[in-house]
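Novice: The structure follows.
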Amino acid sequence: MSSRKVRRTNKPATPKTTAGAPGVSADGEDGGYNAGIAVFSYIVGGILVWSLIGWGLDNLWGTRWIVLAGALLGAAGGFYLSHMHGLTSPDKSAGGDNAARGPSKDEDQ
């Protein structure tokens, strides 16, 4: 009978990220600037693509409002994609520093 050693670590849980997601490194850490660019490109890309689809449908059907609905749908879809890829997580700071969390609470004050 062989005994197995089980090593347990107390690592904090990280948000699920898709392998190969833009702005996320292989170890699951956010890319800071790269993550911001990825979120921006998802949202702007969604707006452009769905606005063009709406524009085409407007020309086909003779309406004028579908392009706006397409732009709103594209923005919402881009934000949804960036959120599902773990790029909009508010609980992590981008650079690893705690500057955005407010003043430090030193004990000697």
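The values are calculated or read from the model by the stated rules, or taken from the named source; none is laboratory data. Please read all numbers here as calculations on a predicted model, not as lab measurements. Don't worry about glycine lacking a Cβ; one is built from the backbone with ideal geometry, like all the others, and counts go over all protein chains shown. Ligands, DNA and RNA are stripped out before the accessible areas are found, and what is left, the full protein with its side chains, is counted by its heavy atoms. Shrake-Rupley method; radii C 1.70, N 1.55, O 1.52, S 1.80 Å.
Novice: Open to solvent by less than 90 Å² (accessible area, probe 1.4 Å), touching an Asp or Glu at 6+ places or on another chain (Cβ under 9 Å), of a type in the set (Gly, Ala, Ser) and modelled with pLDDT under 90: does that describe GLY95?
Specialist: Here the answer is no, as GLY95 does not meet what is asked.
Novice: If the Cβ limit is 7 Å and pairs must be 6+ apart or interchain, which residue in the range 57-82 that is more than 30 Å from GLY36 (Cβ to Cβ) pairs with which residue that is outside any helix (DSSP H, G or I) and not hydrophobic (A, V, I, L, M, F, W, C)?
Specialist: Going by the 7 Å Cβ cut-off, the qualifying pairs are ASP58/ARG64.
Novice: So, one more: Would you point out which residue out of TRP55, TRP50 is open to solvent by 100 Å² or more (accessible area, probe 1.4 Å), at pLDDT 60 or above, in contact with a Leu (Cβ under 9 Å, 6 or more places away or on another chain) and in a helix (DSSP H, G or I)?
Specialist: Numbers: TRP55 fails: in contact with a Leu (Cβ under 9 Å, 6 or more places away or on another chain).
The unique qualifying residue is TRP50.
Novice: Looking at the range 58-81 only, could you name the residues that are open to solvent by 30 Å² or more (accessible area, probe 1.4 Å), farther than 16 Å from PHE40 by Cβ and small (Gly, Ala, Ser)?
Specialist: GLY62, ALA69, listed by residue number.
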